[in-house]
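Worksheet: one structure, shown below.
The values are calculated or read from the model by the stated rules, or taken from the named source; none is laboratory data. Note that the structure is predicted; figures quoted are calculated from it, not measured. Backbone-built Cβ (ideal geometry, glycine too); neighbour counts: all protein chains shown.
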Amino acid sequence: MLTNYINGEWVKAKTSEYESVPNPATGEEIARTPLSTKEDVDDAVQAAKAAFKSWKKVPVPKRARYLFNYQQLLIGKHDELAELITKENGKTFDDAYGEVQRGIECVEFAAGAPTLMMGESLPEIATGIESGMYRYPVGVVGGITPFNFPMMVPCWMFPLAIATGNTFVLKPSERTPLLAERLVELATEAGIPKGVLNLVHGAHDVVNGLLEHEDVPAISFVGSQPVAEYVYKTGASYGKRVQALAGAKNHSIVLADADLDKTIEGITSGAFGSAGQRCMATAVVVAVEEIADELVERLKKSADELLMGDGSDRSITLGPVIRQSHLDKVKGQMEEAISEGAKLVRDGRDVPTEAGNGYFLGASIFDHVTPEMKIWQEEIFAPVLSIVRVKDLTEAIELTNKSKFGNGSVLYTNSGKAVREYREDIEVGMLGVNVNVPAPMAFFPFSGWKDSFYGDLHANGKDGINFYTKRKMLTQRWH
Ligand code: NAD
């Protein structure tokens, strides 16, 4: 049974309710997450509030030094952390290893706080008058994270938040609580003082506790679209600043001049990597008619080569989805797609695996999908790829823009002219050209559009700095 981390101590949650955490590849219970209460949230917020008083006064280069220590510890534990991600999330070791790398990069970015937090000034804004802008932390930040990136997403939040002088209460996904605990343990080992980083396990009660708490001025959220919208609206109604990163339905457009070998490789990885459970996963391929038949045939063959099973075996290339309930839901969505007329050209539902009681779905491909079908409209979050056929790039862009989501998109082509049309006209925030998953690195904002994001300032990059700091303007004249 897991405990919360409050004010530098592991403490039992004030609840009798626990949620079982199975290893998705085997179905075996590996932990029990306490469904903490609003009282637990208050304890953590009070600890963070008290710590904020001294933490905000710690010189910024000294705060950055803690992050350098932390980065070293994380690098030293790269394999261990990846193994833990595989165990609780199910993704393959390679995917987990890449995720740890992404998390470490966030810590590296945050360690630049002394430069990133600098203000601005103009010595002669009027005769004898100067103006300066100074940055300050906002206070106690609440962070709420999803199951699909147990390391990377928390690392989008707390390293930058604490480097800029805030204190933090992390509420990780109740489905993947273990890696979050390890992150907190290592932060303590790196010397980060008690109360600066706290962890409260649980589900909606903890989220509501943070949203309603008067001593929490800022909320960072990443998760599904309906919850992101709820968190944004509720947080705003309590006068908080909120960044809420949401679900997606990412379209990859393939033109006739694309390098087909590389394109197949890219789409296979984009659609089936992490079992399709990425907010930047390729969910829809928009293929121009001339190459669509060949593309579908070759994608099927490429999917046949994936080796499904328990990701703790490093030769495995396709892991399970997160829960049996999710697998059942996805199978229902696939049934519905068939009844709506989509052509299931590769059915992953019956692909055998050696892995026992895990929640496995083989790579699945639907051809002749249209925007009228639910399989095109909804996020499926599993290794299920839809193919839509179009006449040309303009039609492909129009189709992509019909989606209510606008997280990521990729164009596979060799034409600079096509890239320009795509970049100018597509209504999506994170674009790739011949890149399988165009997720920006920590130095840039994670820039989803439309229903993939609620708020103004995105996670990471300069947006992250602006989100975790408030500004003071000083205009002065000396006589
Ligand atoms: P989720 O929305 O179920 O859960 C996310 C967090 O919200 C969890 O901590 C959970 O405890 C909490 N939560 C869930 N239901 C709640 C409710 N009713 N009230 C209050 N809190 C609630 O998401 P998930 O299934 O863990 O993660 C997958 C989703 O996250 C996908 O939709 C994916 O696209 C999205 N995601 C988006 C990004 C992005 O950058 N846009 C990144 C990663 C994941």
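Structure values in brief
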item	result
Number of positions in the range 210-231 that are among the small types (Gly, Ala, Ser) and part of a helix (DSSP H, G or I)	1
Filtered residue count, the range 220-241, keeping only those that are closer than 26 Å to Arg182 by Cα and touching a Ser or Thr at 6+ places or on another chain (Cβ under 9 Å)	5
Residue among Arg346, Arg389 that alone is more than 28 Å from Pro22 (Cβ to Cβ) and either modelled with pLDDT of 95 or more or of a type in the set (S, T, N, Q) (or both)	Arg389
Condition check for Lys49: under 30 Å from Thr469 (Cα atoms) and touching a Pro at 6+ places or on another chain (Cβ under 6 Å)	no
Residue match in the range 111-133 (condition: within 15 Å of the chain's Cα centre (by Cα) and more than 16 Å from the ligand (Cβ to nearest atom))	no
Strands (runs of 3 or more DSSP E) contained in the range 1-83 and holding at least 2 residues among the hydroxyl-bearing types (Ser, Thr, Tyr)	18-22
Of all residues in the range 185-206 being part of a loop (DSSP other than H, G, I, E, B) and under 11 Å from Ile144 (Cβ atoms), the one that is farthest from the ligand (Cβ to nearest atom)	Val200
Qualifying residue in the range 232-249 (condition: away from the ligand (no atom under 14 Å from the Cβ), out of contact with any His (no Cβ under 9 Å at 6 or more places or on another chain) and in a helix (DSSP H, G or I))	yes
Near pairs, Cβ below 6 angstrom, 6+ apart or cross-chain, from the range 227-246 (without any contact (Cβ under 8 Å) to a residue 40 or more places away in the chain) to any residue that is within 9 Å of the ligand (Cβ to nearest atom)	Thr234/Leu211; Gly235/Leu211
Listing of strands (runs of 3 or more DSSP E) fully contained in the range 302-397 that carry 1 or more residues being buried (at least 23 other Cβ atoms within 10 Å of the Cβ)	364-367, 384-390
Subset tally (residues that are over 17 Å from Val207 (Cβ atoms) and of a type in the set (A, V, I, L, M)) for the range 235-252	1
Count - residues of the range 216-227 that are near the ligand (Cβ under 7 Å from one of its atoms), farther than 14 Å from Ala459 by Cα and buried (at least 19 other Cβ atoms within 10 Å of the Cβ)	1
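Yes/no per residue for (1) within 16 Å of the ligand (Cβ to nearest atom); (2) assigned to a strand (DSSP E or B):
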{"residue": "Tyr136", "(1), (2)": "no, yes"}
{"residue": "Pro146", "(1), (2)": "yes, no"}
{"residue": "Cys155", "(1), (2)": "yes, no"}
{"residue": "Phe168", "(1), (2)": "yes, yes"}
{"residue": "Ser173", "(1), (2)": "yes, no"}
{"residue": "Leu183", "(1), (2)": "yes, no"}
{"residue": "Asn208", "(1), (2)": "yes, no"}
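Okay, residues lined up against (1) closer than 20 Å to Ala337 by Cβ; (2) in contact with a strand residue (DSSP E or B) (Cβ under 8 Å, 6 or more places away or on another chain); (3) at pLDDT below 95; (4) small (Gly, Ala, Ser):
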| position | (1), (2), (3), (4) |
| --- | --- |
| Ala246 | no, yes, no, yes |
| Ala287 | yes, yes, no, yes |
| Glu290 | no, no, no, no |
| Arg298 | no, no, no, no |
| Gly319 | no, yes, no, yes |
